[in-house]
Structure formats: structure tokens, C-alpha cells
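Colleague: Input: one structure, supplied below.
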Amino acid sequence: MISIARLDTHQHCMPRFYAEWLQSHGIFSVGGRELPDWSPTAAESFMDNNGISGAILSISTPGVHLGSNQEARDMARRINDYLAGVAQRQPRLGFFAVLPLPDVEGALEEAAYALDTLRADGVLILANTRGLYFGEPAWEPLMTELNTRQAVVFVHPSELAGGAHPDIPPSSADFLLDTTRAAIRYARSGSLERHPDVRVVLSHAGGFVPYAAERMAAACSPDGSNAGGLARLRRFYFDTALSGTPYTMPSLLAFADLQRITFGSDWPFANEERASHFIRRLDEVALEPSLRKAIYRDNATLLFPRFGAIA
């Protein structure tokens, strides 16, 4: 294993009360995978086994909004308070705060509380929330506030609004498309220019973005040019979760700003065996030592300076 202390910007959590709440709404799996067992102790054990010195936790799809604004607000607050307590007790762990979108008023209140009071490392926004995509015009007040705070936004996919194919697990293909749709939607909206201080991290190497960037560039451009669209798309950050392979990395490295690639594991939705497999595969990719160190650690410390002190 490579002897660089990795910083994991894509590690999930599943507090027991949140799992029980999802189950009470008839949700027993996410992306075709059962809700995982999780604890802060198990997180640190996984990290120790895989050379990870620090991690930023986030819940996954379906988030907290299952139809009721008030219920979503209450669950977001409970999760964020809980994760702030975890981070206080275990400094190796940080968290992305969950917001009760598409309730914009509730999201504004929760973002201010999480970032200003709880000192969250950023916020989680799903690629689509109840069919509304990242970059939705109605969310502009939220993005304005996040820009004021120079916030990091972690964009994680959800199940496609049109539903999944019964024989195709959503995590295998639909999640990648969902992230790609969100990237195009956000770029087309002009939000990258209106909110230049929001740092947006796309999950799973950006879905299909690096591979198909030239094809989608004109659709993302302010003037219909490929160059304009590519410039916009290169302003995103990308994590390596489930993507650190000799097939995916060449596209990502050829396309992305090399200072905007961070390490991710996707544990525990990717169980330890699967997450460790992708970590080993990333270790096998031929990288210059300085670039490997940047991806595994240094780029993340630029986004999250407090983790720079964690060995």
C-alpha cells in the first residue's frame, strides 16, 4: 500500500436513528444496496486498515426530504448535531452538513447553523432532490449564502427521477448519469460565474464528465463554444471514489485541473472489501509522486485546511 496518509472526502455515515427513520418510510436500500451498518468506531477501523488519516462524513441519497418540509428540517438538524458531536470527539472525522432541500428557506437556515455554529466542513447537496437538479433557479438564495461563506459543496448522486431499470442497480450507471446531469445543469445555469467562491466537488470522478466533456461542452458554454464549456466544467472538483482504476483515471487526469482531484473511498456503501479494492487499484495507477501526494492528501488540505495538521 502507498505510504501517504490519505484524506477521504467521500466517506459516508449511517447513524442508527437515520437508518431507522428511513426504514419507517419503507426505505431499506439505497442505489440497490442495503443500508449499511455504521459507527464512528467502524469508520476509524476502516481508515486505519486503508491508510486514511482523516475523512469527511456525509449521508447519501435519499437525503432527508421525503415529502414533509418540517420532517426534513427536523431530521437535518438531528443528523448535523450528531455529526458535529462525532467530529468533536474524533478530530480525524469531519462532516458535510445535510440540507432539507428542496425547502430553500429551511436549507438557508440549516446551512447557516451548520457552517457558522457547528463548523461543518461544507454541505451535501444531492444531484437531484425530488426531481429538482443542482442549479435550480429557485435555489439561488442558498447558493448566494454559500458563496458568501466560501463553502464547499459536495454533490452526491441520487436515483434518477424517472426511476431505475429493474435489472440495473442505480449505483452502477444511474448514479453516474445523475452526477453528469447535475454538472451540466449547474454549468449551464451560470452559477459557476455568479458564485465563484463556492467550491463544488463532484462524486465518482464526475460521472461521465471527463470522458464526455468535449461532447457536452457546447451545452455548458455561455456562448455555445466548446472552449467556453470546457472552461466551465474544469472549475469543478472531482473525487476518486470507486473510480481509481487504469480505465477511469486517464480520462480524469487528461481533463481535470490536477489541483482539483481528491481521494474518496465511498465506504461503507462500498463495503470494506470493495472500497479497499478500489484503493488498491488507485495505488496501481502510474502517477508522479508529487501528483499522487496531491490527489491523496494535498488537494484536500487546500479545501479543508484543518485536516493539514492530521498526520
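The values are calculated or read from the model by the stated rules, or taken from the named source; none is laboratory data. Predicted, not measured: the structure shown is a model, and the values here were computed from it. Neighbour counts run over all protein chains shown; Cβ positions are idealised from the backbone, glycine included.
Colleague: Pull up the range 75-84, narrow it to residues that are closer than 23 Å to S29 by Cα and not charged (D, E, K, R), then point me to the one that is surrounded by the fewest Cβ atoms within 10 Å (Cβ to Cβ).
Modeller: Checking each candidate, the answer is Y82.
Matching residues to (1) touching a helix residue (DSSP H, G or I) at 6+ places or on another chain (Cβ under 7 Å); (2) aromatic (F, W, Y); (3) surrounded by fewer than 24 Cβ atoms within 10 Å (Cβ to Cβ); (4) not in a strand (DSSP E or B):
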| site | (1), (2), (3), (4) |
| --- | --- |
| F96 | no, yes, no, no |
| E105 | no, no, yes, yes |
| E110 | yes, no, no, yes |
| Y113 | no, yes, yes, yes |
| D116 | no, no, yes, yes |
| L146 | yes, no, no, yes |
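Colleague: Is it the case that A270 is of a type in the set (A, V, I, L, M), surrounded by 22 or more Cβ atoms within 10 Å (Cβ to Cβ), within 17 Å of C13 (Cβ to Cβ) and in contact with a strand residue (DSSP E or B) (Cβ under 6 Å, 6 or more places away or on another chain)?
Modeller: Here the answer is no, as A270 does not meet what is asked.
Colleague: Any residue in the range 246-259 that is within 13 Å of A205 (Cβ to Cβ) and of a type in the set (D, E, K, R)?
Modeller: There is no residue in the range 246-259 that is within 13 Å of A205 (Cβ to Cβ) and of a type in the set (D, E, K, R).
Colleague: Looking at A187, A183, A164, which one is assigned to a loop (DSSP other than H, G, I, E, B) and small (G, A, S)?
Modeller: A164
Colleague: Continuing with this model, one more query. Determine whether E214 is closer than 29 Å to D298 by Cα, charged (D, E, K, R) and either without any contact (Cβ under 8 Å) to a residue 24 or more places away in the chain or in contact with a Lys or Arg (Cβ under 6 Å, 6 or more places away or on another chain) (or both).
Modeller: Spelling it out, E214 is indeed closer than 29 Å to D298 by Cα, charged (D, E, K, R) and either without any contact (Cβ under 8 Å) to a residue 24 or more places away in the chain or in contact with a Lys or Arg (Cβ under 6 Å, 6 or more places away or on another chain) (or both).
Colleague: Run down E34, E71, E110 and say which single residue is farther than 22 Å from Q11 by Cβ and among the acidic types (D, E).
Modeller: Only one candidate passes the filter, namely E71.
Colleague: Can you tell me which residues in the range 248-286 are without any contact (Cβ under 8 Å) to a residue 24 or more places away in the chain and either assigned to a loop (DSSP other than H, G, I, E, B) or polar (S, T, N, Q) (or both)?
Modeller: Listed by number, the residues that qualify are D257, A286.
Colleague: Scanning for something more than 19 Å from L126 (Cα to Cα) and surrounded by fewer than 22 Cβ atoms within 10 Å (Cβ to Cβ), does the range 51-74 turn up at least one residue?
Modeller: Checked against the condition, which is being more than 19 Å from L126 (Cα to Cα) and surrounded by fewer than 22 Cβ atoms within 10 Å (Cβ to Cβ), the range 51-74 yields at least one hit.
Colleague: Now for a different question. Considering only the range 25-39, I want to know if a residue exists there that is farther than 24 Å from R280 by Cβ, at pLDDT 95 or above and in a helix (DSSP H, G or I).
Modeller: no
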